[in-house]
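Below is one structure; the comments refer to it alone.
Just so you know, all these numbers are worked out from the coordinates, no wet-lab data involved. Please read all numbers here as calculations on a predicted model, not as lab measurements. For neighbour counting, all protein chains shown are included, and Cβ atoms are generated from backbone atoms with ideal geometry for every residue, glycine included.
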Amino acid sequence: MVTILLLFVIVTLHELGHSLEALRLGVRVSHITLYPIGGVAWLERMPSNPWYELRITVAGPMVNFVLAGLLWLLDQALQSAFPGLGSGGPFGGYIVPNSGGLLSMLVAMNLILGMFNLVPAFPLDGGRIFRALLALRLDYVRATTIAARLGQGIAVLVAISIFLPGSGAGLISETWRLFLAVLVFMGAQGELKHVSRRRGTERRTAGEVMIREAAVLATHVSLTSAREFMGGTEQPIFPVLDDFGRPVGWVTPDMVESGLAVRDSGTRIGQIMLESVEYVGEQTPMQEAIELMIERQYPALAVVEADGRLKGILIANLAIAPGPPHEPSLN
C-alpha cells in the first residue's frame, strides 16, 4: 500500500512538471488525471511552436531525474552521518540502498518512470519529444504521423516479445507487456485520428463550418417571449442582434430562466445578455477560430459580413472536433 501511494505521489509530481511548464508558456491546464500506471496532464491546447511543446514534454521526466538525484544525495548524506543505519538499530535496512530501503526505492521508482517515459512511443513523453523534434523541420501533421507510426512499431515489437522465450520475463511479465503494447498502440492510433481531423479542419474556413440559419433574438424581446422562442429549437446559445442585424451579445436558455427568477417577465433580453462578442470573417481559417475560442473561453463566435451584419455562428462544443485538442501526456 505504501509503495502504491508513493508511486501516485511521484506520478503527480511528474504531471505537475508538465503542467507548471505549460502555465509558464501561457498554456492553460484543465486538470490532471491519475491512473494506476501513470497519469495525464490535460492541456487545453498544445502550442504551435515545437520548442514550447518540447519544453512542456521534457519537464515531466526531468522532475523524476532531479528527484532521483536529490534523494540519492540525501541517502548518501544519511549513510555518512549515521553509519549504523544499514547494519542494525531501529532504522537498519530502511534507508540504505543495498538493503531495499525507502530512499533507494524512491530513487529507483523515479529513474524507472523517467526513463520509461523517454521511450519514443506515443503517447509517452518520448514520442512527443520525437514529434516536437521532427516538427522543427516538418509540418505538424507529417511529424505526428511519423512519431505515431514509430510508437505503433515499438508496441508491435513488445507484443511479439511475449512469444520469444527469455525475452525480459524477469523484468516485465507477459501480461504487463501485452497491456503496455495495446495501450501504446491504441494511444498512437488515437493521435493519428486526431491529427487527421485537425488536417481537415485546417483546410476549412469559418464560413464553411458556421451555422447559417441560426436562430437569433433582438435586444428588445422580453424574457417570456424569448423562453417560448427558445423552446422550439435545440440551439444551445443565441446571438442577440441590434436594429441593423449586428451581433451585440449572447444569451442561453439558462440565462433566461435565471433572469425570470429574479426579474419581471417583461424584462428585455438586452438587459441580461452576455455582451462580450468576438467576430470572425467567413474566410477566417477554422483552426484559428477554434484556437480563439479555446484560448479566450468563448462559448461561440459570430461570423459577420464586412458591414458587421451576422452571417452565421460557430458554437464551441460543435465547432471543436472531438479528440485530444489539449494534447494530453500519458505517463
Neighbours of Gln152 by Cβ distance under 14 Å: Lys/Arg at +1, Asp/Glu at -1, summed charge +2
The answer for the net charge of residues other than Leu134 whose Cβ lies under 12 angstrom from its Cβ, with Lys and Arg +1 and Asp and Glu -1, is +3
Ordered by fewest other Cβ atoms within 10 Å, a rough proxy for footprinting exposure, Val216, Val9, Val303 read Val9, Val216, Val303
